[in-house]
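One structure is given below, encoded as structure tokens.
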Amino acid sequence: MVDFGYKIAKDRQIDFDKNDRSIAQYVRKHEPTFNLCISCGTCAATCTARQFTDFSLRKYILLLRRGENKEVIENIHKCMLCGKCQLVCPMGVNTRGVIYRIMEMCI
Amino acid sequence: MNIDGKIAIWKDYQKHIAADKYFYVRSCVRQNFFPGSETTFLRILREELGKDVYEHPCHTTCTGIGYHGDIVPLDTMMTVVARQFALMTEAGYENLVPSCITSFGIYTEVLDTWHHFPETEARVREYLKKATGREFKIPANIAHASDVVYKFRNEISAKAKYKLVNQHTGKPLKVVEHIGCHYSKMFPDKGIGGAEYPYVLIGMVNDWGGEIVDYPERRHCCGFGFRQYLVQANRGYSIACSHKKFESMQPYKPDMIITNCPGCPMFLDKWQYAIAEMEGKTYGENGQGIPVFTYEEVAGLILGYNPWDLGLQTHQVSCEPLLDKIGIPYNAAEKYDGVNGIKLGKPEKPAVLQCV
Amino acid sequence: MKKKVIVIGGGIAGMESSAHLAALGYEVTLLEKSDKLGGHLLNWEKLFPTMRMGKDVVTFLNEGIEKGKVHVVCNANITSAIQKNNQFSVFLENNTTYLADAILVTTGYDLFDARRKEEYGYGIYNNVITSAELEGIFLNGFQIVTAEGNAPKRIGIVHCVGSRDEKTGNTYCSKVCCVTAVKQSIEIKERLPDAEVYCFYMDMRMFGMHFEALYREAQEKWGVNFIRGRLSEACENIDGSVLVKVEDTLAGKPLKMSVDLLVLMVGIEPSAGTKQVGKMLNLQFGVNRFFKTADQHTLTNVSNVKGVFFAGTCTGPKTITNTITDARAAASTIANYLSGHEIDDRIMASDIQLVALW
């Protein structure tokens, strides 16, 4: 093996066919309002954790749907479960329920 | 896949290609890495087809590499292009044939710029006049050298000694075609077949007996990207592009790759060595890689030219297994004999990629 | 003596306006180029957002034609038309001539030819179909199958094919495709509950009443997935499935996904008949190549030629609901005109030049 001073760059493309979407499937099954998220971001705008960390429920729901789970698993525990997101969600997503279900799969 | 759908699109993208009296402009990359290709182009046009092809000793780079590498400013590039036009005008030619895809893109882009912003043409004419005293006419026709070979693909076919057919199975060779980005992605109307389904190389391969494979990453760039490859820190991204293509074409088991760009054959060929060394992975049969050719090399092969005159010894992936498949004879002992009896030297064999 | 109106085009707008004009006491001749009335509606099984059958609406429209004793001429190929004083003469290929005091143009739309969006491979990749073809499958009670004859496990739906796209020359929104995608997604899930459905959209334009509810149902009840991003290209995998490439704009990353079937939501374009009749009657076209109405807000059924009026999608994309409303408005405008009321002499508060958007 030769060291060329660089490596083949990792592909950033979401490979939907290969990704593991089991967490999203589990959450969807037990909390069907998971399907209703339209990524408007109201939850993230009001989120206590979001102001001080990278935590974004908007983003994590989306990433789980795509099977990009790593970032979600690493960060889901930052949620303080305060419930502000549920208060503001225009689609009626049971956000606390969604987070609990995600946590079940991440622990 | 429904070929009729492609044929309908190919009909929409045809262009005029001059029939004779060409002003040929060489490529910086190709005359260094694939000098045999340009020699072969001239040989086919002059000796096989009896065409008048003129080369001007004073022509320079079009500055495309510097322009795309953010080193040469637009006005400088346009003035150099204007000088090439002036050389052509002085020589009494009006059909420009660049060997390089990026040059073809540059010339097309400059003419398009002048068309939409005539003040830039006036400015460049003034620069050229002040700097060199030269004046020029706009070319009557610009065709890439692959367009010209495409135009005469039937004539070449008629003189061919070999076909792109596996002599053992009698089946057409499976050929991946790779088109240089600057051929038609910027100006789809300027390329035979357009930008989504370019026909220029397909036309040759079909005519010469091969079978095209269309794979999902066909449209993806080889990854050269000028400043991407030129800066070592960016090369990981450059090689990843070729890697993506190989992974995508591999299930189709292609026998060979044909290209019409300076950078693409170089990278598609040499990255196979680098990927093999980095990841232990090879493509093609028996760990030998997928051989990569320029269209002139392929034309030369079917015309029965000596493979070593075509410059195939400079390839990283060995061409011999493919020559054996087609049934083209070669003298292995002469592989590294240069012109005028000067020995080229023999490259080291890589650890992973199986080279002959 | 009854005044005469010729209506050109026997789709929804032509049929409903004819019925209303007849009810208002005019002698109406409805010219239709094909062999039957109903236009595009004949090719549609169920309608958004209620899922009622398209043929119910056709029945309703037909009844209006029958009750009004509208003179229907099918297979009518108009060759020319002339205007003399306030009278029109319309000549057909079969050498018949019709006279009229007013003409209503209801020449409608054509669906975008998906082959023009080359990078999506319609007509090349066997598993790429259009929304109209999918509707044909529903209408004829066929199974949804791939070109290889299998039930698709994953279906992609592409919004805005030939709409909101400078590359195809159609920069406007076709209005009906987003909600059609939602409707067809649900219908796919009804037939193939285990299949995954992915819609690729730029914006979800759920503007009509109950559209949002349908969109919600698609997500909550049927688990239809929506990915915001416009396909850059489609390619064929070695197994014949279609690989789509799209930027997932909400994830901020490019995404690739194989689908067994890709459905292109083809947009609305001015029909060939719209172009032909417009030329014949010297009608003005707007920037989007639909007819230009005398005013965008207030005179939406009035043309630049006195005595010639518009209704329906020949002036721009419309839903069925909007088309029917527009058809009745056109009938009312014509009635005003034929009764001698000036229809375009009312003054607006401002004489500021309107932006030439249409």
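Shape descriptor for the stretch C:55-154: Rg over Rh equals 1.16 (Cα atoms; Rh from the Kirkwood inverse mean 1/r). Dividing the Cα radius of gyration of the stretch C:16-63 by its Kirkwood radius returns 1.04 for Rg/Rh. Computed from label points 7 Å out along Cα-Cβ, the spacing between residue A:96 and residue C:150 is 4.5 nm. Considering helices alone, the calculated mean residue ellipticity of the protein assembly as shown at 222 nm is -10500 deg cm²/dmol, with DSSP H runs of length four and up weighted by -39500 (n - 2.57) and normalised per residue.
At an R0 of 30 angstrom, the distance between the Cβ atoms of residue B:112 and residue B:55 translates into a FRET efficiency of 0.70. Between C:262, C:24, C:41, the GNM of chain C built on Cα springs shorter than 10 angstrom shows C:24 fluctuating the most.
Relative to a virtual label point 7 Å from the Cα of residue B:2 in the Cα→beta-carbon direction, which members of the stretch B:169-210 show backbone nitrogen distances below 18 Å? Residues B:197 fall inside that zone. Straight-line reach from residue B:129: taking Cα to Cα under 20 Å and skipping same-chain neighbours fewer than 8 places apart, the lysines in range are B:137.
Farthest towards the positive end of the charge dipole of the protein assembly as shown, among the residues C:199, C:105, C:287, is the Cα of C:199, using unit charges on the Cβ of Lys, Arg, Asp and Glu. A Förster radius of 51 Å combined with the Cβ-Cβ distance from residue C:133 to residue C:297 puts the calculated FRET efficiency at roughly 0.85. Calculated on the alpha-carbon coordinates, the convex hull of the stretch A:22-106 measures out at 75 cubic angstrom per residue. Proximity of backbone amide H atoms, modeled 1.01 Å from N, is registered between residue C:196 and C:154, C:155 at under 5 Å, excluding neighbours fewer than 5 places apart on the same chain. Whole-Hz Karplus values for the stretch B:219-236 come out as 7, 5, 5, 5, x, 3, x, 6, 5, 5, 6, 5, 9, 4, 4, 9, 5, x Hz, taken residue by residue from phi with 6.51 cos²θ - 1.76 cosθ + 1.60 and θ = phi - 60°; glycine and proline positions read x. Taking amide hydrogens as placed 1.01 Å from N in the peptide plane, the amide H of residue C:247 sits under 5 Å from those of C:230, C:232, C:255, each at least 5 positions away in sequence or on another chain.
Couplings 3J(HN,Hα) for the stretch A:83-95, derived from phi with the Karplus relation 6.51 cos²θ - 1.76 cosθ + 1.60 (θ = phi - 60°), are x, 4, 5, 5, 4, 9, 4, x, 9, x, 6, 6, 5 Hz, where x marks Gly and Pro.
Using a cut-off of 23 Å between Cα atoms, the listed pairs B:161/B:185; B:270/B:335; C:153/C:221 include B:161/B:185 as exceeding that distance.
The mean count of C-beta atoms from other chains within 10 Å of the C-beta of residues in C:230-241, rounded to a whole number, is 3. Globularity index of the stretch C:128-232 is 1.07 (Cα radius of gyration / 2.2 N^0.38 Å, N = number of residues). The alpha carbon convex hull volume per residue for the stretch B:17-145 rounds to 99 Å³. Distances between placed amide hydrogens fall under 5 Å for residue C:309 paired with C:103, C:104, C:105, all partners being 5 or more residues away or on another chain.
Counting only Cα atoms, the protein assembly as shown measures 104, 74, 58 Å along its principal axes, largest extent leading. The distance between label points at residue B:154 and residue C:342 comes to 6.9 nm (points 7 Å beyond Cα on the Cα→Cβ vector). Counting only aspartates and glutamates at least 8 places from residue A:10 when in the same chain, those with an alpha carbon closer than 19 Å to its own are A:20, A:68, A:71, B:217, B:247, B:277, B:279, C:247, C:248. Between residue A:80 and residue C:63, the simple spin-label model (points 7 angstrom out along Cα→Cβ) gives 6.2 nm. Converting phi to 3J(HN,Hα) with the Karplus coefficients 6.51, -1.76 and 1.60 and the offset θ = phi - 60°, the stretch B:86-93 yields 5, 4, 5, 4, 5, 7, x, 10 Hz in sequence order, with x at every glycine or proline. I need the fraction of alpha carbon pairs in the stretch C:276-333 separated by more than 14 Å, rounded to a whole percent. Of the Cα pairs, 51 percent sit more than 14 Å apart. Here the ratio of the Cα radius of gyration of chain C to 2.2 N^0.38 Å is 1.07. In this calculation the C-beta distance from residue C:52 to residue C:23 is compared with R0 = 22 Å, giving a FRET efficiency of 0.40. Here chain B is treated as a Stokes sphere of Kirkwood radius computed over C-alpha pairs; at 20 °C and 1.002 mPa s its diffusion coefficient rounds to 102 µm²/s. Put simply, the Cα atoms of the stretch B:153-341 extend 43, 39, 36 Å along their principal axes, the longest span coming first. Of all DSSP bridge pairs formed entirely within the protein assembly as shown, close to 40 percent run antiparallel. Identify which of B:172, B:265, B:57 has the largest mean-square fluctuation in a Gaussian network model of chain B, with springs joining Cα atoms closer than 10 Å. For chain B, modelled as a Gaussian network with Cα springs under 10 Å, the answer is B:57. For a paramagnetic label modelled at 7 Å from the Cα of residue B:253 toward its Cβ, which residues of the stretch B:157-191 fall within the zone defined by backbone nitrogen distances under 20 Å? Answer for the stretch B:157-191: B:164-177.
The charge dipole of the stretch A:22-106, taken about its Cα centre with unit charges on the Cβ of Lys, Arg, Asp and Glu (plus for the first two, minus for the last two), comes to roughly 140 debye.
The dipole here belongs to the stretch B:1-73: it is taken about the Cα centre, uses +1 on the Cβ of Lys and Arg and -1 on the Cβ of Asp and Glu, and is about 40 debye.
Every number in this text was worked out from the coordinates using simple rules, so none of it is lab data. All values derive from a computational prediction rather than experimental measurement. Please note: Cβ atoms are built from the backbone with ideal geometry, for glycine as well, and neighbour counts cover all protein chains shown.
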